[in-house]
Amino acid sequence: MRISADIETPVTIGATILLPESYEDWDRSKLRVVLAHERSHVLQGDFYLQVVTGIYAALFWFSPLGWWLKKEISDLAEAIKRPGRAS
């Protein structure tokens with residue numbers, strides 16, 4: 001976990017969770033929920049899947065399928081919850 005002044009919302013990059021500096025103002029409950037959500041992205045490997053779809057979209061920029069796939073993968077990563085885990 002790292003803290004950054006350059007972001008306003010939590011972000012997961014690889015296995016690293018970046019939190020905005022304002023996280024210190026959050027109550028424990030919000031922090032716990034945010035960390036659980038971001039950990040689920042790490043466990044599912046969402047960052048790496050989005051890198052692959054980004055490369056695909058860049059290589060096949062002329063194809064609407066590449067851009068649709070990139071958006072769908074991103075949307076699914078936010079919607080999918082791992083069984084038995086809160087996020």
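The values are calculated or read from the model by the stated rules, or taken from the named source; none is laboratory data. Here the structure is a predicted model, which is why all the values come from computation and not from measurement. Glycine also receives a Cβ, built like all others from the backbone with ideal geometry; neighbour counts cover every protein chain displayed. The area values use the complete protein model at the heavy-atom level, side chains included, leaving out ligands, DNA and RNA. Shrake-Rupley method; radii C 1.70, N 1.55, O 1.52, S 1.80 Å.
Take the range 1-44 and flag every residue that is in a loop (DSSP other than H, G, I, E, B) and surrounded by 13 or more Cβ atoms within 10 Å (Cβ to Cβ).
Taking the range 1-44 and keeping what is in a loop (DSSP other than H, G, I, E, B), we get 1, 5-10, 14-15, 26-27.
Those that are in a loop (DSSP other than H, G, I, E, B) and surrounded by 13 or more Cβ atoms within 10 Å (Cβ to Cβ): Ile7, Pro10, Trp26.
Look through the range 54-72, keep the residues that are assigned to a helix (DSSP H, G or I) and among the hydrophobic types (A, V, I, L, M, F, W, C), and return whichever of them is least open to solvent (accessible area, probe 1.4 Å). Spell out how you get there, then give the answer.
From the range 54-72, those assigned to a helix (DSSP H, G or I) are 54-59, 64-72; that's our starting set.
From the residues that got through so far, the ones that are among the hydrophobic types (A, V, I, L, M, F, W, C) too are 55, 57-59, 65, 67-69.
Details: Ile55: 95, Ala57: 0, Ala58: 64, Leu59: 114, Leu65: 94, Trp67: 124, Trp68: 141, Leu69: 57 Å².
Looking at residues that are assigned to a helix (DSSP H, G or I) and among the hydrophobic types (A, V, I, L, M, F, W, C), I get Ala57.
Among the residues of the range 73-82, those that are of a type outside the set (Gly, Ala, Ser) and open to solvent by less than 90 Å² (accessible area, probe 1.4 Å) comprise Ile73, Asp75, Leu76, Ile80, Arg82. Within the range 34-52, the set of residues being more than 14 Å from Glu78 (Cα to Cα) and either in contact (Cβ under 8 Å) with a residue 40 or more places away in the chain or in contact with a helix residue (DSSP H, G or I) (Cβ under 9 Å, 6 or more places away or on another chain) (or both) comprises Val52 only.
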